[in-house]
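Values quoted throughout were computed directly from the atomic coordinates according to the rules given, and no laboratory measurement underlies them. From a predicted model like this one, the values you see are computed outputs, not experimental measurements. Quick reminder, even Gly has a Cβ in these numbers, built from the backbone with ideal geometry, and neighbours come from all protein chains shown.
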Amino acid sequence: MLVVSELSKSYPTAGEPLSVLRGVNLELSPGQSAAIVGPSGSGKTTLLQILGTLDEPDSGSVQINGQDPFALDARERAAYRNQTIGFIFQDHHLLPQLSVTENVLIPALANGKPTGDDTTRAAELIDAVGLSHRATHLPRELSGGERERVAIARALLMQPFVVLADEPTGNLDSKTAKTITELLLRLQAEQNTVLVTVTHSLSLADDMNERFELVDGALVRRERFGITA
């Protein structure tokens with residue numbers, strides 16, 4: 001499971017420290033998805049960065065399958081992150097000089113040259129996101145929705161336990177956003193991963209199993225946000 005307990009984070013300012021997260025708690029099992037909404041500056045990205053071990057909390061804990069990644073040193077944590085956590089970014093962060101296949105294989109480069117199994121899995125994921133006919137294309141030759149599909153395939157390459165998505169439909173029109181949401185949830189269910197997405201889209205949030213809102217630094221569970229389209 002992904003278990004977050006009493007997580008707090010603040011940042012120094014000229015006056016009082018700015019408290020961003022206050023006692024955040026969250027538990028998700030494999031196959032579950034969760035959306036976190038809140039206005040800009042509410043701490044959504046900070047929480048996602050801590051879950052992704054890119055930032056450290058001031059207090060509290062994060063446990064992934066019973067392991068505390070913050071107990072690892074920097075090198076061990078980087079290796080752990082690569083194997084355990086997949087990232088999907090709003091702006092894709094695809095390397096412009098690499099093909100679709102090469103971009104999907106990037107996580108495998110941390111272990112040296114991609115293996116035959118890595119290449120096979122990349123091809124399978126590219127097919128799963130409907131881009132087999134674009135495998136040799138460069139990012140500039142793809143639409144925004146297609147680039148997001150590449151980002152999803154890349155995030156799943158190492159068969160991570162947790163997938164973190166930062167505004168995965170933020171730059172897409174409503175029709176493409178719905179298609180990407182359905183694809184992401186289908187693949188997440190098939191891979192039996194935990195999915196956490198931060199978003200301003202209440203429609204996307206309502207498609208997740210669990211829905212939360214960051215209110216004054218605390219994570220508040222919501223039934224639904226009442227937006228269906």
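If amide H atoms are built 1.01 Å from N in the plane of the peptide, which residues on other chains or at least 5 residues away come under 5 Å of the amide H of residue 90?
166
Could I have the simple spin-label model distance between residue 140 and residue 221, label points 7 Å from Cα toward Cβ, reported in nm to one decimal?
Placing both labels 7 Å along Cα→Cβ, they lie 5.0 nm apart.
Which value, in debye to the nearest 20, gives the size of the charge dipole of the chain about its Cα centre, when Lys and Arg are +1 and Asp and Glu are -1 at the Cβ?
Here the size comes out at about 300 debye.
5 Å is the cut-off here: which amide hydrogens, built 1.01 Å from N in the peptide plane, fall below it relative to residue 215, excluding neighbours closer than 5 in sequence?
220
Gap in Å between the Cα centre of segment 1-34 and the Cα centre of segment 119-154?
33
Under 8 Å for C-alpha pairs, at least 6 residues apart: give me the relative contact order for the chain, rounded to a whole percent.
Computed value for the chain: 29 percent relative contact order.
So, in nm, how far is label residue 202 from label residue 119 when the simple model puts each one 7 Å beyond its Cα toward the Cβ?
In this crude spin-label approximation the distance works out to 5.0 nm.
Between 153, 35, 218, which gets the highest mean-square fluctuation from a Gaussian network model of the chain, Cα cutoff 10 Å?
Largest GNM mean-square fluctuation: 218.
Using θ = phi - 60° and the Karplus curve 6.51 cos²θ - 1.76 cosθ + 1.60, what whole-Hz ³J(HN,Hα) does each residue of segment 60-73 get, with Gly and Pro shown as x?
For segment 60-73, the Karplus curve yields x, 9, 10, 10, 10, 6, x, 10, 9, x, 7, 7, 8, 6 Hz.
Out of 183, 82, 5, whose Cα points farthest toward the positive end of the dipole of the chain (charges: +1 Lys, Arg; -1 Asp, Glu; placed on Cβ)?
Sorting the options by dipole projection puts first 183.
For the chain, take the longest principal axis of its alpha carbons; what is the angle in degrees between that and the long axis of helix 174-191, to the nearest 10 within 0 to 90?
With rounding to tens, the tilt is 90 degrees.
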